[in-house]
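Heads up, the thing below is written out as structure tokens.
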Amino acid sequence: MSPMQSDHAAKVMAFLERHRLPPSPQNYALAYIALNDAGSPMGRAVEAIIAEGYRIKQDEADEIFDRHGGIAIFGSQERNDGELTAHLRHQAIKLGELASSAADATGAFARELSEEAGAFSGDSSNTLSIVARMIEQSLDTQTRLTAAMDEVKALREELEAARHDAQRDELTGLANRRAIDGYLGELAAKGEPRIIALCDIDHFKSVNDRYGHNVGDRVIKLVADTLDDACSPHFVGRWGGEEFIVVIPSGEAAAAVKLLDFARSELADKEFKLRETDEPMGLISFSGGVALATGGAEANAASLRQADQALYRAKAAGRNCILCA
């Protein structure tokens, strides 16, 4: 057994002994995951108990294992991610079986040594044979445990990337409605004031009608990039179609109007041409409405309505401008 593998096993057994937990397959798996995958739901649940120096009790260990069993142990998302989720579930089962196998082998090793000690006649060859078999089994188990944990880590990263993609608009790469709702909900839960701005590309229907949807998509992407660059590091998302949202954790509406006006002027100063013919497309601009939200979730809905009304007024005032509710 390599020094690293021996160290892993020693740490798991020391963890169980420190917390007075018997080395059952379930407890072995819990300790192994808590020590080697601290970022998983199970690892975080264990850390929440032992962080202040408390000992984790058996009923608490059982509750954590029941609550975070299966794929939840390794931090997969609640939604179904098809083959990735199935593969992760398989690896979770495999880790449990490996932990059980290791515990069974340890018990068998202890019994054989106990029997050998009782019949010891001065010949140590049988004892050495038992130890050699145990070392070989431990080495194989540790290798498979390490490989399984490595694969679980890779699968978690893939699932996290899939979750990230599910909250991104495919065309622009900005946050989509799902991510927007989540972010607004977080700010509302904290009770922090926030500025909500809605921006809409001016005369976008005429762009689509005259140049086609492919050019329209490129215009949407250009406006998205301009807003994202100018408003960084604040939250920018695609609200839908040719409409965007900017959320700023602040109560300064005037400063938000100034920032959005800067983004508007940056876009209006650019010269857009068709790629195919180099024909100038004329002015590409957007209008915006800004509103302040204070309070909980109901404030988000009210401010969105106010921002939309301010946007409508900006359109009526001639477009290519930003107005505050």
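The values are calculated or read from the model by the stated rules, or taken from the named source; none is laboratory data. A quick note: this is a predicted structure, and the numbers were derived from the prediction, not measured. A quick note on method: Cβ atoms are made from the backbone with ideal geometry, for glycine too, and the neighbour counts reach across all protein chains shown. Heavy atoms of the whole protein, side chains included, go into the accessibility calculation; ligands, DNA and RNA do not. Shrake-Rupley method; radii C 1.70, N 1.55, O 1.52, S 1.80 Å.
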Of all residues in segment 211-258 being among the polar types (S, T, N, Q) and in contact (Cβ under 8 Å) with a residue 12 or more places away in the chain, the one that is least open to solvent (accessible area, probe 1.4 Å): T226
For N320: the one exception among (1) within 21 Å of A188 (Cα to Cα); (2) surrounded by 13 or more Cβ atoms within 10 Å (Cβ to Cβ); (3) not hydroxyl-bearing (S, T, Y): (1)
Selection status of L311, assigned to a helix (DSSP H, G or I) and at pLDDT 95 or above: yes
Of all residues in segment 25-71 being part of a loop (DSSP other than H, G, I, E, B), charged (D, E, K, R) and free of Cβ contacts under 8 Å to residues at least 60 places away in the same chain, the one that is most open to solvent (accessible area, probe 1.4 Å): E52
Restricting segment 1-24 to residues that are assigned to a loop (DSSP other than H, G, I, E, B) and at pLDDT below 80, the residue that is surrounded by the fewest Cβ atoms within 10 Å (Cβ to Cβ): S2
Residue match in segment 165-174 (condition: part of a strand (DSSP E or B), touching a helix residue (DSSP H, G or I) at 6+ places or on another chain (Cβ under 9 Å), among the small types (G, A, S) and within 26 Å of K258 (Cα to Cα)): no
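Would you point out the residue of segment 266-288, among those that are of a type in the set (K, R) and touching a helix residue (DSSP H, G or I) at 6+ places or on another chain (Cβ under 9 Å), that is least open to solvent (accessible area, probe 1.4 Å)?
K270
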Any hit, segment 197-208, residues being touching a residue at least 40 places away in the same chain (Cβ under 8 Å) and part of a helix (DSSP H, G or I): yes
Cβ pairs under 7 Å, 6+ apart, first in segment 267-295 and of a type in the set (F, W, Y), second surrounded by fewer than 16 Cβ atoms within 10 Å (Cβ to Cβ) and modelled with pLDDT under 95: F272/M281
Meets criteria (surrounded by fewer than 21 Cβ atoms within 10 Å (Cβ to Cβ) and under 19 Å from L323 (Cα atoms)) for A263: no
